[in-house]
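Some notes on the structure that comes next.
The values are calculated or read from the model by the stated rules, or taken from the named source; none is laboratory data. Just so you know, these numbers come straight off a predicted model, no measurement behind them. Note: ideal-geometry Cβ built from the backbone for every residue, glycine included; neighbour counts use all protein chains shown.
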Amino acid sequence: MIKMEPIIQINDVTKSFGEVEALRGVSLSVNRGEVVIIIGPSGSGKSTLLRCINRLEEYDEGSIVVDGIPLTSAENINTVRTEVGMVFQQFNLFPHLTVLENISLAQRIVRKRDKAEAERVSRQLLKKVDIPEKADAYPMQLSGGQQQRVAIARALAMNPKIMLFDEPTSALDPEMIQEVLDVMEKLADEGMTMVVVSHEMGFARAAADRAILMDGGLIIEEATPEKLFKHPKHERTKLFLSKVL
Amino acid sequence: MNNKNSTETAPSRLLGKIPGAEPSARIDPWWGLVFTVIALVLLLIFFKPDPYLRILLFVRDGIWVTIQTTVISFVLVMVVGLFGGLGRLSKNKIINGIATIYVEVVRGVPLLVQLLFWYFAFPSLIQGVGKTLHIAAFEHYIGNPIGMAILGLTFCYAAYMSEIYRAGIQSIPRGQMEAARSLGMTYTQAMRYVVIPQAVRVIMPPVGNEFISLLKDSSLVSVVAVADLTRRGREFMSANFIPVQTWMMIALLYLIMTLFSARIVSWIEKKTGYER
């Protein structure tokens, strides 16, 4: 099912925030169509790693190549960002725009689509995330789960080759988590390459090809979700899982 | 926030049942003050045309100059202030340094002194440069009073406006910029379409206050040969020697303008607020 062709190549990346070393030499390669889930205690560097992939965070050393494009010049960074969709823990919808405008804005000014085309794409995506009736609502009128689904639609509107999810369900009320995970599983089934920072074990088992445990700015262990959760090799993985599960 | 509308409409529906409560609840009581002051001026003019109508007719071109100076300066302040504010937020040390020095210097010098500088010192400097470099156009440069006054007001108020813009932009969560950038927008596009439209709503109240301050401070331009309302008042005074009536009339005219502006500002604030 998975073509063994790396679309993200991370080589020995380090990143410090002043004294704090967030990443201490992380290497990871993600194949086209693969779904990778990253777990780990807070402060383990998993969000930082994700944010380095579309350069919201600048890394200090090492290299990251996305779809053959090295993240170096400003021009490359903008190209990569249009190829990589990102979904945030806090949704980050634009509160001054309607749902439809939220999804259409970047299509129009970055992808240069005309208004009608952008709105057609937006409505299609709203159908996909199962809230077509909310097109004219403002973000603050939506529940957290609905807002996160709009955020996913907004990222998908750019036709990204990769989707990054930074704890997409952590800010949600429990009853809204599943509706977001359902959309994510649907995306995974369609063959989207996804890197997900999340502790949703159910999602990991259902959709992820690989699970990674990070701690202290390093990748400690990686395996299939089943293997990692049921038969962890490392002590730190066992310790972390015992707290989470 | 979802229920906010319904909880807000409920009490007003209740009020609707009390006779007379509904209409008065709709009219902003502050408009009453505006109309009271206007009525007072009209009464004075009608029952005591001498001297009040005479004063009004004498200074009416000054009213127009004051409005013109204020509005033109304010439009320029909004534009220059935006660049100042973005400069203050810039990570580029040189741009940031220039913007910071500009703001700190301007805020440390009285507006009156700045206006005197622009009107008297600046043209002299230009003339000096013209003589040294033999540029004929500069050698005989004389500052146009209104032009120099607008320059002075803009230069000063834009510094304060920079700080308002800076605070407004900083009040927008970082995630907004990150979301916009992660969609492939450039910094400028993200500012233009995402951050600034939200910041503008935040800064409406202080911007409105700045407009009213500017309207009042525009009276200082009367010392640099601009025939604004204050200067026209002084001219009337020196010809007629009725200080009480003259300055009361001038004060009332300023009061009408500031009260009216304050109402317009709060109306705009309501219009631009989020309909959540």
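Quick one: residue A:80 ticks every box in (1) facing chain B (nearest Cβ under 10 Å); (2) of a type outside the set (S, T, N, Q); (3) more than 27 Å from residue A:189 (Cβ to Cβ) bar one, so which box is it?
(3)
Kindly provide the set of residues from region A:127-144 that are of a type in the set (Lys, Arg) and within 14 Å of chain B (Cβ to nearest Cβ), ordered by number. Give the steps one after another, and end with the answer.
Applying the first criterion (of a type in the set (Lys, Arg)) to region A:127-144 yields A:127-128, A:134.
Correct list: A:134 only.
With the requirement that a residue be crowded, with 22+ Cβ neighbours inside 10 Å and within 13 Å of chain B (Cβ to nearest Cβ), what does region A:95-110 give you?
If the condition is that a residue be crowded, with 22+ Cβ neighbours inside 10 Å and within 13 Å of chain B (Cβ to nearest Cβ), then A:102, A:103, A:104, A:105, A:106, A:107 are the ones that fit.
Taking the stated definitions as given, is residue A:55 closer than 21 Å to residue B:180 by Cβ, crowded, with 16+ Cβ neighbours inside 10 Å and free of Cβ contacts under 8 Å to residues at least 40 places away in the same chain?
yes
Looking at region A:58-104 only, could you name the residues that are over 18 Å from the mean Cα position of the chain (by Cα), without any contact (Cβ under 8 Å) to a residue 12 or more places away in the chain and part of a helix (DSSP H, G or I)?
A:74, A:75, A:76, A:101
(1) at negative phi; (2) away from every other protein chain (no Cβ under 13 Å): which one isn't true of residue B:196, the others all being true?
So the condition that residue B:196 fails would be (2).
May I ask you to verify whether residue B:100 is out of contact with any helix residue (DSSP H, G or I) (no Cβ under 7 Å at 6 or more places or on another chain) and not in a loop (DSSP other than H, G, I, E, B)?
no
Among the candidates A:64, A:103, single out the residue that is out of contact with any Gly (no Cβ under 9 Å at 6 or more places or on another chain), at pLDDT 90 or above and under 24 Å from residue A:184 (Cα atoms).
A:103
Go through the residues of region B:6-25 one by one and say whether even a single one is at pLDDT below 95 and under 29 Å from the mean Cα position of the chain (by Cα).
no
From B:98, B:45, B:63, B:94, which residue is in contact (Cβ under 8 Å) with a residue 60 or more places away in the chain and among the β-branched types (Val, Ile, Thr)?
B:63
Is it the case that region B:160-168 has a residue that's within 14 Å of chain A (Cβ to nearest Cβ) and surrounded by fewer than 24 Cβ atoms within 10 Å (Cβ to Cβ)?
Applying the first criterion (within 14 Å of chain A (Cβ to nearest Cβ)) to region B:160-168 yields B:168.
Those still in the list that are surrounded by fewer than 24 Cβ atoms within 10 Å (Cβ to Cβ) too: B:168.
Yes, region B:160-168 has at least one match.
What residue, of A:29, A:16, A:47, is closer than 11 Å to residue A:64 by Cα and among the small types (Gly, Ala, Ser)?
Details: A:16 fails: closer than 11 Å to residue A:64 by Cα; A:47 fails: closer than 11 Å to residue A:64 by Cα.
Testing whether each residue is closer than 11 Å to residue A:64 by Cα and among the small types (Gly, Ala, Ser) leaves just A:29.
Among the residues of region B:171-199, write down those that are of a type in the set (S, T, N, Q) and either more than 21 Å from residue A:162 (Cβ to Cβ) or out of contact with any helix residue (DSSP H, G or I) (no Cβ under 8 Å at 6 or more places or on another chain) (or both).
If the condition is that a residue be of a type in the set (S, T, N, Q) and either more than 21 Å from residue A:162 (Cβ to Cβ) or out of contact with any helix residue (DSSP H, G or I) (no Cβ under 8 Å at 6 or more places or on another chain) (or both), then B:171, B:176, B:188, B:189, B:198 are the ones that fit.
Every residue, every condition in (1) touching a helix residue (DSSP H, G or I) at 6+ places or on another chain (Cβ under 6 Å); (2) within 30 Å of residue B:192 (Cβ to Cβ); (3) not hydroxyl-bearing (Ser, Thr, Tyr), yes or no:
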{"position": "B:93", "(1), (2), (3)": "no, yes, yes"}
{"position": "B:104", "(1), (2), (3)": "no, yes, yes"}
{"position": "B:108", "(1), (2), (3)": "no, no, yes"}
{"position": "B:113", "(1), (2), (3)": "no, no, yes"}
{"position": "B:116", "(1), (2), (3)": "no, no, yes"}
{"position": "B:124", "(1), (2), (3)": "no, no, no"}
{"position": "B:132", "(1), (2), (3)": "no, no, no"}
{"position": "B:135", "(1), (2), (3)": "no, no, yes"}
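Out of B:259, B:229, report the one residue that is closer than 14 Å to residue B:60 by Cα and touching a Leu at 6+ places or on another chain (Cβ under 8 Å).
Unique residue meeting the criteria: B:229.
Could you please give the count of residues in region A:1-49 that are in contact with a helix residue (DSSP H, G or I) (Cβ under 9 Å, 6 or more places away or on another chain) and among the acidic types (Asp, Glu)?
Final tally of qualifying residues: 0.
Inspect all residues belonging to region A:111-126 and state whether any of them is within 14 Å of another protein chain (Cβ to nearest Cβ), at pLDDT below 95 and under 27 Å from residue A:30 (Cβ atoms).
Yes, that holds for at least one residue.
Just one of (1) within 19 Å of residue B:88 (Cα to Cα); (2) at the interface with chain A (Cβ under 9 Å from one of its Cβ atoms); (3) aromatic (Phe, Trp, Tyr) trips up residue B:187, so point out which.
Answer for residue B:187: the failing condition is (2).
Return the only residue of A:47, A:29 being within 14 Å of chain B (Cβ to nearest Cβ), surrounded by fewer than 24 Cβ atoms within 10 Å (Cβ to Cβ) and of a type in the set (S, T, N, Q). Steps first, answer last, please.
Numbers: A:29 fails: within 14 Å of chain B (Cβ to nearest Cβ).
From the options A:47, A:29, the qualifying one is A:47.
Which of the helices (runs of 4 or more DSSP H) found entirely inside region B:176-254 contain at least 1 residues meeting this: in contact (Cβ under 8 Å) with a residue 60 or more places away in the chain and buried (at least 17 other Cβ atoms within 10 Å of the Cβ)?
In region B:176-254, B:196-217, B:229-240 are the helices (runs of 4 or more DSSP H) which contain 1 or more residues that are in contact (Cβ under 8 Å) with a residue 60 or more places away in the chain and buried (at least 17 other Cβ atoms within 10 Å of the Cβ).
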